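Chemist: Dropping a structure here in structure tokens format, bear with me for questions.
Where a number appears in this text, it was derived from the coordinates with a stated rule and is not lab data. Given the structure is predicted, the values throughout are model-derived calculations rather than measurements. Cβ: placed from backbone, ideal geometry, glycine included. Neighbour counts: every protein chain shown.
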């Protein structure tokens, strides 16, 4: 018996979720919500690179939530509307829909996502008899997920460093690249991402989840960043980087334990592979666990139909699409990676 799923939005991640749901033998696409007027009324398959699937996109949220679907796969834009996202999720959960989410990434560990957020979600789950789960590639499997599993092999853990080292030049998402991250801007004051507290909001829950797995108490979380600027103008998928503007960034979110940075998320983000040669080199995700023994795990992403950025967006979608059966089976409440049973790729080998 298949699980009926409503896909919520078809942005850079949601566009990958629709084909994944349609093609998954355990799932059935039961509805599609879209933000754009231009997408409403069109077949979900047409919007997402498939033949028609018989499900028309709609902006009628009430009708979707009144349907007999069991799950909402939530991937709506969240960068400048986090409170609205939480309200959306609570409405869905209270209406009897289980929810898997990649949208508001702090919900990877909701207890660290802001005052009252966990309590609101938990109350909505209890009201609707539903479960809620957030994951992705980063934040998600690419840092906290792999770190937690790798630490299971440890006799002693002294430090954990979770790194993303990625060239973002081929990611076609102008709003996020220029307005959120601040590429192509003159300095960090024009970057929403690098505003004080922003990286902690996004990746602090990764730190908190790993700390929970270790059962350690953090002194606090600190932020650090450095930037490089373009020596000449050049083009990327999202637009033009003018000379003298931000063309690369490196930042850390540092979980402090006993006065030392012991649990760290680090991002090294270039737009040209040869830039900042003194920064860490790589092409994907790296987990470093210091202790006894020491571990280094490298994860590189690629795709037969796209590049590493395409692969990352697809992996983000699949991190929750593949979790849907486990979330439906879970007791009502807020779930994290530490709560669900191990799930993988059931029925996906043809």
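Chemist: If you count the DSSP beta bridges with both ends in the stretch 141-300, what percent of them are antiparallel, to the nearest 5?
Modeler: Close to 85 percent.
Chemist: A further question on this structure: Express in whole angstrom the spacing between the alpha-carbon centres of the stretch 263-299 and the stretch 166-192.
Modeler: Taking the Cα centre of each part, the stretch 263-299 and the stretch 166-192 sit 20 Å apart.
Chemist: Same structure, new question: May I have the convex hull volume per residue, in Å³, for the Cα set of the stretch 262-322?
Modeler: 136
Chemist: So, one more: Distances over 26 Å make up what percent of all Cα-Cα pairs in the stretch 202-350?
Modeler: When all Cα pairs of the stretch 202-350 are counted, 45 percent exceed 26 Å.
Chemist: Okay, moving on. In what sequence, highest mean first, do 200-207, 60-67 appear when ranked by Cβ atoms within 10 angstrom?
Modeler: Most protected by this proxy first, the peptides run 200-207, 60-67.
Chemist: Quick one: plug the Kirkwood hydrodynamic radius of the stretch 32-144 (C-alpha pairs) into Stokes-Einstein at 37 °C, 0.692 mPa s, and report D in µm²/s.
Modeler: Calculated translational D: 219 µm²/s.
Chemist: Still on this model: Pop a pseudo-label 7 angstrom from the Cα along the beta-carbon direction at both residue 349 and residue 152 and give the gap in nm to one decimal.
Modeler: 1.9
Chemist: State the antiparallel share, in %, of DSSP beta bridges confined to the chain, rounding to the nearest 5.
Modeler: Roughly 55 percent of the DSSP beta bridges within the chain come out antiparallel.
Chemist: Specify the inter-centroid distance of the stretch 67-84 and the stretch 125-154, based on alpha-carbon positions, in whole Å.
Modeler: 18
Chemist: Which order do the peptides 3-10, 20-27 come out in when sorted by mean C-beta neighbours inside 10 angstrom, highest first?
Modeler: Per-residue Cβ counts within 10 Å, averaged per peptide and sorted highest first, yield 3-10, 20-27.
Chemist: Based on the alpha carbon coordinates of the stretch 1-85, what radius of gyration and maximum Cα-Cα distance (Dmax) apply, in Å?
Modeler: In order Rg, Dmax, the Cα atoms of the stretch 1-85 give 12.1, 38 Å.
Chemist: Let me understand the stretch 145-216 better: what is its radius of gyration from the alpha carbons, and its Dmax, in angstrom?
Modeler: When restricted to the Cα atoms of the stretch 145-216, Rg and Dmax are 16.0, 47 Å.
Chemist: Here's a follow-up. Compute the Kirkwood hydrodynamic radius of the chain, taking the inverse of the mean of 1/r over all pairs of distinct Cα atoms, and give it in Å to one decimal.
Modeler: 20.9
Chemist: Report the far tail of the P(r) of the stretch 88-241, meaning the percent of Cα-Cα pairs longer than 17 Å.
Modeler: In whole percent, the share of Cα-Cα pairs in the stretch 88-241 beyond 17 Å is 70.
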